[in-house]
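Novice: Got a structure for you, written out below as structure tokens; questions coming shortly.
The values are calculated or read from the model by the stated rules, or taken from the named source; none is laboratory data. This one's a predicted model, so the numbers in the text were calculated from it and none came from an experiment. Please note: Cβ atoms are built from the backbone with ideal geometry, for glycine as well, and neighbour counts cover all protein chains shown.
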Amino acid sequence: MRIGGFGIPELILVLAIVVLLFGVGRISKVMGELGKGLRAFREGLEGGGPAEEAETHKSAVDDDASTS
């Protein structure tokens, strides 16, 4: 199986070099941060995150208080 000129042995070699250079701990930390960033990005695209829900609730309460 070839991916853009790289085969499986080449990909394994590159992965081994990356692990040797950075270490498993640092790579897992970076991947965890990447996952958090992607999750926040998706939530931002969908809208309705916790901050927006709090803003909506707060403005509804303010509107009720001002009309009373």
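Novice: Looking only at region 25-68, filter to residues that are among the aliphatic types (A, V, I, L, M) and modelled with pLDDT under 85; which one of those is surrounded by the fewest Cβ atoms within 10 Å (Cβ to Cβ)?
Specialist: Out of the qualifying residues, it is A65.
Novice: Under 7 Å between Cβ atoms, at least 6 apart or on separate chains: pull out the pairs that start in region 11-32 with a residue that is of a type in the set (A, V, I, L, M, F, W, C) and end on any residue that is outside any helix (DSSP H, G or I) and surrounded by 11 or more Cβ atoms within 10 Å (Cβ to Cβ).
Specialist: If the second residue must be outside any helix (DSSP H, G or I) and surrounded by 11 or more Cβ atoms within 10 Å (Cβ to Cβ), no pairs are left.
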